[in-house]
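Since the structure comes first, as structure tokens, the remarks are kept for the end.
The values are calculated or read from the model by the stated rules, or taken from the named source; none is laboratory data. Remember, predicted model here, so these are calculated numbers, not experimental data. Ideal geometry is used to build each Cβ from the backbone, glycine not excepted, and the neighbour counts take in all protein chains shown.
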Amino acid sequence: MTPDQSKPTTIDAYIAAFPKETQVLLQAMRKTIGEAAPAATETISYQIPTFKLKGNLVHFAGYQHHIGFYPGAAGIAAFADELTGYKHAKGSVQFPIDQALPLELVSRIVKFRVEQDLAKAAQK
């Protein structure tokens, strides 16, 4: 995040604090996630853009050299084979800013998380 972005209150404000090139990538992530999870609501959680359904669905964030995507451990594990070209950890993946975002993959991960979230809520 950039220094002037310490406590964004909206996703628009969060994205606006980045350079134009990064804003384009963040808007593409936002649009892709929103289309894959149309019933989800947008908010800021953990000071980064978050989509919620029955709970936190996914988060994304901008950084100097990458776009972070946080679908949780199950989201990463389910698509591990397709994420091998990216730096990733248990619940996160980094998409380099100088490469095209894998938006189709992001969409499939979000749809997976929607199914998972709804199934978990139905069990309660």
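Brief remarks follow.
- Residue match in the stretch 50-73 (condition: touching a Ser or Thr at 6+ places or on another chain (Cβ under 6 Å), aromatic (Phe, Trp, Tyr), without any contact (Cβ under 8 Å) to a residue 40 or more places away in the chain and within 23 Å of GLU21 (Cα to Cα)): yes
- Summed over the stretch 103-124, the residues that are free of Cβ contacts under 8 Å to residues at least 24 places away in the same chain and buried (at least 19 other Cβ atoms within 10 Å of the Cβ) give a count of 0.
- Verdict on GLN5 being surrounded by 16 or more Cβ atoms within 10 Å (Cβ to Cβ) and modelled with pLDDT under 95: yes
- Test: residue in the stretch 83-91 that is surrounded by fewer than 16 Cβ atoms within 10 Å (Cβ to Cβ) and assigned to a helix (DSSP H, G or I): no
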